[in-house]
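Below: one structure, written as structure tokens.
The values are calculated or read from the model by the stated rules, or taken from the named source; none is laboratory data. Since the model is a prediction, treat every value here as computed from it, not as a measurement. As a convention, Cβ positions derive from the backbone with ideal geometry for all residues, glycine included, and neighbour counts pool all protein chains shown.
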Amino acid sequence: MRFYLFLLFYALPYLAFGQGTLQDILTEMAKSPFYLHANLGIAVQDVTDRKVIADINKDKLFIPASTIKLITTLSARHLLGENYRFTTGLYYDGTITDEGTLQGNIYIIGNGDPTLGSSRISGNPTMEMILHIFAERITQAGIRCIEGEVIAIAKENMQPPIGDSWQWNDLGNYYATGAWSINVNENLYNIYYNHDMEPGEKAQISYIEPYIPRLMIESHVITDSAHTADNAYIFGAPFTYDRFIKGTIPQGKGLFKIKGSIPNPPLFFAYRLYALLHHMGISVDNYNTESTKKDGLTCIFEHSSPPLKDIIKITNDQSNNLYAEATLKALGGKDITENVQIMLDNLQSMGLDTYPFNMEDGSGLSPRNLISPDLMASFLAKQSQYLGDVDFKNILPTVGESGTVKNMLGNSPAKGRMWIKSGSMEKILCYAGYARAASGRLITFAVFLNNSQAKTFKENKTELEKIIDTIYRFS
């Protein structure tokens, strides 16, 4: 019975609008009262001839949320190559005496590897494994005592780790950690709460892991009824160690985890290596950060990340903001402005008009990012030339099967034949990607909903699913 109701749900638009063209059907759907006070933008293109199949407000500007990760990741793949790797090096200066005393410092120098110590990619070493590898390489270099410091080279004074227009209520939370010259453990720490108390009572912090020196947390988190969402937000800027948490977590047994952003990841990594060396009996004076690399350093070891193609897959599948920001910074500009200009130059070299585009970051966290549906669909169509015979599922989530669109259109014939990046913020839901339509032709599309007055994400998703399914069936 549920299956037949589902079919009726998706058939209603087509029964109501008859067997018109895709443009006719979308035009009628856009007249729904649901969109009366909202802004809806749609662009659908044929990849082969680049012709617009259908559109609604295709030239208007919309906040794209995380769909901007498509611009970031596919541009980086084109510019850097799918096998590009981030590196993190271990160095020293000074001299090593015959007794094994380093009369100098140990240096950690990174170029923004977002996967360092991350467990998202299969086979990637954890933070503890990386630390032990570094410590073992130090001992293998004959160092038994360090008269200097463990120093992480942190370039954040030249390229800030977060976006200038990120919202204050995002900062402090793991998803807005920003991209640093040295990222580790995805720059996050966990706060574990006891939440087995009555709704309305204050939840108690049980412990924090991993330990971060100087971190001070003032928590005003309240338990809510069971089955409610995690609505706890951590407030605190980069480099500052005072954190304020407010909001609610659901009542329940055991411990409830929320994730925060490490205030200064390069310094934290230097501390962890310093502490491990001490534990191994290798004395070190201190740990610190410096902003510029010294000349004449001796390399002990260099760690390489997985290839960019794997990082792109994770970025788009799981909508990982850190991975996206690190990918943008890998383009080599001295700041966000230069990196964005590299992106724009690349789009213009592809023959795309970048006037309807304002890029503030690589992840979509900024509400000042703006792009037209037409430019997004055109960009994807152009990128298909560079992707060649690459399977789209190796770059984007597959609708009904994986990533952030795993639970979309599960009983539709579009399942497994559309590859979509989603993006959402408050009152915003967007989708963009590729589809092998029911007609057999390959299309690109962008569907942007801004300023929705719907009360829940589910309402927005339900309405846009109808549009996505329609695009698949009638393109």
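Which one of these does ASN264 not meet: (1) crowded, with 22+ Cβ neighbours inside 10 Å; (2) more than 30 Å from SER424 (Cβ to Cβ)?
Single failed check for ASN264: (2).
Got at least one residue in segment 316-338 being assigned to a helix (DSSP H, G or I), crowded, with 24+ Cβ neighbours inside 10 Å and touching a strand residue (DSSP E or B) at 6+ places or on another chain (Cβ under 6 Å)?
yes
Regarding LYS294, is this residue at pLDDT below 95, surrounded by 13 or more Cβ atoms within 10 Å (Cβ to Cβ) and of a type in the set (D, E, K, R)? Outline the logic, then answer.
Details: at pLDDT below 95: yes; surrounded by 13 or more Cβ atoms within 10 Å (Cβ to Cβ): yes; of a type in the set (D, E, K, R): yes.
Yes; evaluated as a whole, the condition is true for this residue.
Could you please give the count of residues in segment 125-170 that are of a type in the set (Lys, Arg) and either modelled with pLDDT of 95 or more or in contact with a His (Cβ under 9 Å, 6 or more places away or on another chain) (or both)?
Let us first name the residues in segment 125-170 that are of a type in the set (Lys, Arg), namely 137, 144, 155.
With the extra rule that they be either modelled with pLDDT of 95 or more or in contact with a His (Cβ under 9 Å, 6 or more places away or on another chain) (or both), the set shrinks to 137, 144.
Total meeting the criteria: 2.
Please tell me if TYR189 is modelled with pLDDT of 95 or more and either assigned to a loop (DSSP other than H, G, I, E, B) or within 30 Å of ILE300 (Cα to Cα) (or both).
Taking the combined requirement at face value, the residue satisfies it.
Does any residue of segment 350-373 turn out to be assigned to a strand (DSSP E or B), among the aliphatic types (A, V, I, L, M) and in the same structural domain as PRO161 (by TED's automatic domain parsing)?
Within segment 350-373, none of the residues are assigned to a strand (DSSP E or B), among the aliphatic types (A, V, I, L, M) and in the same structural domain as PRO161 (by TED's automatic domain parsing).
Pick out the one residue from TYR189, TYR241 that is surrounded by fewer than 18 Cβ atoms within 10 Å (Cβ to Cβ) and within 24 Å of the chain's Cα centre (by Cα).
TYR241
Which condition does GLY388 not pass, out of (1) touching a residue at least 12 places away in the same chain (Cβ under 8 Å); (2) on the phi > 0 side of the Ramachandran plot, if it passes all the others?
(1)
Return yes when LYS246 is farther than 21 Å from ASN187 by Cβ, among the charged types (D, E, K, R) and at pLDDT below 95 and no when it is not.
Spelling it out, it is not the case that LYS246 is farther than 21 Å from ASN187 by Cβ, among the charged types (D, E, K, R) and at pLDDT below 95.
Could you list, in sequence order, the residues of segment 118-138 that are farther than 14 Å from THR88 by Cβ, in a helix (DSSP H, G or I) and in contact with a Gly (Cβ under 9 Å, 6 or more places away or on another chain)?
GLU128
Is one or more of the residues making up segment 412-422 modelled with pLDDT of 95 or more and either in contact with a Cys (Cβ under 9 Å, 6 or more places away or on another chain) or outside the structural domain of TYR434 (by TED's automatic domain parsing) (or both)?
So far as segment 412-422 goes, yes, one or more of its residues are modelled with pLDDT of 95 or more and either in contact with a Cys (Cβ under 9 Å, 6 or more places away or on another chain) or outside the structural domain of TYR434 (by TED's automatic domain parsing) (or both).
For segment 64-87, what are the residues that are in contact with a helix residue (DSSP H, G or I) (Cβ under 8 Å, 6 or more places away or on another chain), among the polar types (S, T, N, Q) and more than 19 Å from LEU370 (Cα to Cα)?
Matches in segment 64-87: ASN83 only.
If you take just the strands (runs of 3 or more DSSP E) that sit entirely in segment 206-299, which of them hold at least 1 residues that are among the hydrophobic types (A, V, I, L, M, F, W, C)?
The qualifying strands (runs of 3 or more DSSP E) are 216-224, 231-235, 242-250, 255-261.
Test of understanding: among PHE34, PHE62, which residue is crowded, with 22+ Cβ neighbours inside 10 Å and among the aromatic types (Phe, Trp, Tyr)?
Answer to the check: PHE62.
Consider SER384 carefully, then state whether it is outside any loop (DSSP other than H, G, I, E, B) and at pLDDT below 95.
When the stated conditions are applied, SER384 passes them.
Is it true that some residue in segment 168-182 is of a type in the set (Asp, Glu), free of Cβ contacts under 8 Å to residues at least 60 places away in the same chain, in a loop (DSSP other than H, G, I, E, B) and assigned by TED's automatic domain parsing to the domain that holds ASN231?
Looking for residues that are of a type in the set (Asp, Glu), free of Cβ contacts under 8 Å to residues at least 60 places away in the same chain, in a loop (DSSP other than H, G, I, E, B) and assigned by TED's automatic domain parsing to the domain that holds ASN231, one finds none in segment 168-182, hence no.
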